[in-house]
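Comments concern the structure below.
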Amino acid sequence: MKLQKIGLAAIGLCAAMSVMAADAVTDAMTAAYAPYRVALFRTNSNAQAESEQAIAQARQSWQALMDQFASRPAAPYDRDARFADSLAQVAAVYNAAELQIKGRNLAQAHETLEKARDLMAELRRRNGVITYSDHMNAYHGVMEHVLSEAPKQMGEAQGMLLLMASVGTLDFLAGRLRTEAPARVAADPAFAPALQAVETSLLALRQAVLQQNVTLVRVALDNLKKPYSQLFLKFG
């Protein structure tokens, strides 16, 4: 996806009126999202036993959500003809990932699990619901674009300028991670240092790009993902 499209989508997300976990279904999805985040983290960490435990917990939590709401969703999802199908699609992703984990294909399972994040986000989006996870996802989308494109951009004549544009988008989205944090998240003692680590990693990248120091840029890029992953694991 082009960065411009990602950036416009992120800005549109932030401009939209949000419904912060104001209904029973969204609350249940938020709760079920916690073991899903652990499954993503564990598969990305090449932890076999922990991945097996995490995907089992994620599947159990999602099945409980389906049992409660698939046939009788609360507003605003009660007007969504595709609601039950979306829940089933997420369940299918979990099933596929579980088979891959059991086959010790953790990297593949991680990529499979990423699809569930998109399915849940789309389900909320078409029902006019925005949660903190959507702000986390917006930052993640641009971050992954930067990590993919920056190595190629640095070999181009205007590469550093292009990279700085991406850093500006990340700056904006990191600000939303702070300002859009729900009260329960902001009050958690672990939140401020976790977010500060994300901001510090981004500042290091900005300074390296301003210096046009390719070596420092590469180091900063290598250090960009870990603090985000830690923030996502607990609060995403």
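Laboratory data are not the source of any read-out in this text; all were calculated from the coordinates shown. For clarity, every value in this text was computed on a predicted model and none was experimentally measured. Neighbour counts run over all protein chains shown; Cβ positions are idealised from the backbone, glycine included.
Side notes on the structure shown:
- Reduced Cα scattering model of region 132-235, Debye log10 I(q)/I(0), q = 0.11, 0.14, 0.15, 0.21 Å⁻¹: -0.32, -0.51, -0.58, -1.03
- Rough spin-label spacing in nm, given labels placed 7 Å along Cα→Cβ, for residue 148 and residue 118: 0.9 nm
- Most to least packed among 142-148, 167-173 [average Cβ atoms within 10 Å]: 167-173, 142-148
- Extension reserve of the residue 99-residue 179 stretch, reckoned as 0.36 nm per residue once the Cα distance is removed: 24.9 nm
- Rotationally averaged projected area of the chain (alpha carbon convex hull; nm²): 12.9 nm²
- Within the shell defined by Cβ-Cβ distances under 15 Å, the residues around residue 236 carry a net charge of +4, with Lys and Arg each +1 and Asp and Glu each -1.
- Backbone geometry of region 151-159 corresponds, through the Karplus equation with coefficients 6.51, -1.76 and 1.60 at θ = phi - 60°, to 3J(HN,Hα) couplings of x, 6, 5, 5, x, 9, 4, 9, x Hz, x marking Gly and Pro.
- A simple count of charges around residue 52, restricted to other residues whose Cβ falls under 14 Å of its Cβ and scoring Lys, Arg +1 and Asp, Glu -1, yields +2.
- For the pair residue 64 and residue 196, the difference between a 0.36 nm per residue extended length and the Cα-Cα distance amounts to 44.0 nm.
- Cross-link partners for residue 115 among the aspartates and glutamates, with Cα-Cα distance under 17 Å and sequence neighbours closer than 8 places in the same chain left out: 85, 98, 134, 144.
- Per-residue HN-Hα couplings for region 97-112 [Karplus 6.51, -1.76, 1.60; θ = phi - 60°; Hz; x = Gly/Pro]: 5, 4, 5, 5, 5, 4, x, 6, 9, 5, 4, 5, 4, 4, 5, 5
- Global form of region 49-156, assessed from the alpha-carbon gyration tensor, a/c cut-off 1.5: oblate
- Taking the longest Cα principal axis of the chain as reference, the axis of helix 48-69 is set at about 50 degrees.
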